[in-house]
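Participant: Dropping the structure in here first, questions after.
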Amino acid sequence: FLSIEIFKNYEIKVGVKKINFFIVPYLKLWLEAPLIKILNKLYKIGLTFKKIDGISKPTALKRIVNQTHSNIINYYNAITKSIINCYSFVNNFTQLKGLINFLIRHSLALTLALKYKLKYKSKAYKRFGNKLKSPEKKSLF
């Protein structure tokens, strides 16, 4: 859990009650996951690399290539679930989930392509399907 950003937003609710007008100001809290800190953490783990312009791109995780296919998928699933469970309550959850799924899924495809010497992640998707199933059919991403 890296942290969370909290913003205050005052909204004014206007209503009509028969003849009288009433205005009720209320405070709305906005909770956001720190996407930049999460991207930096993924960079430190080795799942992404940063281009010169600062954009994060997925990369293969070379230190787990010697593991079995199921263990590699379980490792990536554990990373994904831990991040998503920590930030399940934030307002930008769909943006976070899309970003995490994109980066981690493509990093997994690149790792499997490296393991099976396929050269490209597209060949890993063709060989193992969209969910990158293991040949033993034990685990999915």
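The values are calculated or read from the model by the stated rules, or taken from the named source; none is laboratory data. None of these values were measured; they are calculated from a predicted model. With ideal geometry, Cβ positions are generated from the backbone for all residues, glycine too; neighbour counts draw on all protein chains shown. Please note that ligands, DNA and RNA were not included when accessible areas were found on the heavy atoms of the full protein model with its side chains. Shrake-Rupley method; radii C 1.70, N 1.55, O 1.52, S 1.80 Å.
Participant: Among (1) open to solvent by less than 90 Å² (accessible area, probe 1.4 Å); (2) closer than 30 Å to Ser3 by Cβ; (3) free of Cβ contacts under 8 Å to residues at least 60 places away in the same chain; (4) assigned to a helix (DSSP H, G or I), there is one condition Ile100 misses while meeting the rest; what is its number?
Facilitator: (3)
Participant: Now a separate question. Looking only at segment 105-141, which residues are open to solvent by less than 100 Å² (accessible area, probe 1.4 Å), touching a residue at least 12 places away in the same chain (Cβ under 8 Å) and assigned to a loop (DSSP other than H, G, I, E, B)?
Facilitator: Leu132, Ser134, Pro135, Ser139, Leu140, Phe141
Participant: Name the residues in segment 29-65 that are open to solvent by 80 Å² or more (accessible area, probe 1.4 Å), more than 19 Å from Ser122 (Cα to Cα) and in contact (Cβ under 8 Å) with a residue 12 or more places away in the chain, would you?
Facilitator: Within segment 29-65, Leu29, Trp30, Lys37, Lys41, Tyr43, Arg63 meet the criteria.
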